[in-house]
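Just below is one structure, and these are the notes that go with it.
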Amino acid sequence: MIYHGIRLKAKAGVTQEQIEETLESMRNQGRAIPAVKSFVVGRDFGGDFDCGAVFVIEDLDGYGEYLTHPAHAHTDRVGMPLVEKFDSYDITDDDDPQMGAKIADLHRRRYQSDPELAALVSKQP
C-alpha cells in the first residue's frame, strides 16, 4: 500500500471559501479516482500547515492512475495558486528497495507530460 499525504498552508488573504473549494476538490479525488481505496481530507494539526489529505492507494499502477486523473489535475489548478507552502510525501509498506525511485519516476513523467502543471508547481516554495 502507498499512503500519499499532502499538507498545505494557505497564502495570506486566501478566503475560507477558497480553502473549502480546494478541500472539496481533494475529497472529490478520493471519490472519483478508482485507485483510491480510502482517504481523509481535513484540517492539519501539529505543524505549520492549515489542511491536508491522505490517499491510500494499493500499488504503483494505482498511484500512476491517481497522479494523472483529471480530478487530481483539477485540485492542482484550483489549489496550488492559493498555497504559501505545501508538503507532499509517500509512505509505503512495500519492501521493494526501488520503490522511492519508482514513485519519483511517476511524478517526473507526470510533470513532463503536463508542462503547465510543472510550471505551476515549480512556483511553489
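Note on the stretch 81-125: residues that are exposed (fewer than 14 other Cβ atoms within 10 Å of the Cβ), among the aliphatic types (A, V, I, L, M) and modelled with pLDDT of 90 or more total 3.
Gly42 meets each of the listed conditions (1) free of Cβ contacts under 8 Å to residues at least 60 places away in the same chain; (2) part of a helix (DSSP H, G or I); (3) farther than 20 Å from Arg109 by Cα; (4) in contact with a Leu (Cβ under 8 Å, 6 or more places away or on another chain) apart from (2). Among all residues of the stretch 70-83, there is none that is basic (Lys, Arg), within 30 Å of Gly13 (Cβ to Cβ) and in contact with a Cys (Cβ under 8 Å, 6 or more places away or on another chain). For the subset of the stretch 2-27 comprising residues that are farther than 17 Å from Asp48 by Cα and within 12 Å of the chain's Cα centre (by Cα), which member is surrounded by the fewest Cβ atoms within 10 Å (Cβ to Cβ)? Once the filter is applied, the top-ranked residue is Tyr3. Could you say which residue among Thr68, Thr75 is under 12 Å from the mean Cα position of the chain (by Cα), of a type in the set (Val, Ile, Thr) and surrounded by 17 or more Cβ atoms within 10 Å (Cβ to Cβ)? Testing whether each residue is under 12 Å from the mean Cα position of the chain (by Cα), of a type in the set (Val, Ile, Thr) and surrounded by 17 or more Cβ atoms within 10 Å (Cβ to Cβ) leaves just Thr75.
Pick from the stretch 28-39 the residues that are part of a strand (DSSP E or B) and of a type outside the set (Ser, Thr, Tyr): which of them is surrounded by the fewest Cβ atoms within 10 Å (Cβ to Cβ)? Among residues in the stretch 28-39 that are part of a strand (DSSP E or B) and of a type outside the set (Ser, Thr, Tyr), the one surrounded by the fewest Cβ atoms within 10 Å (Cβ to Cβ) is Lys37.
The values are calculated or read from the model by the stated rules, or taken from the named source; none is laboratory data. These numbers come from a predicted model, not from an experiment. In this analysis, Cβ positions are derived from the backbone assuming ideal geometry, glycine residues included, and neighbour counts consider all displayed protein chains.
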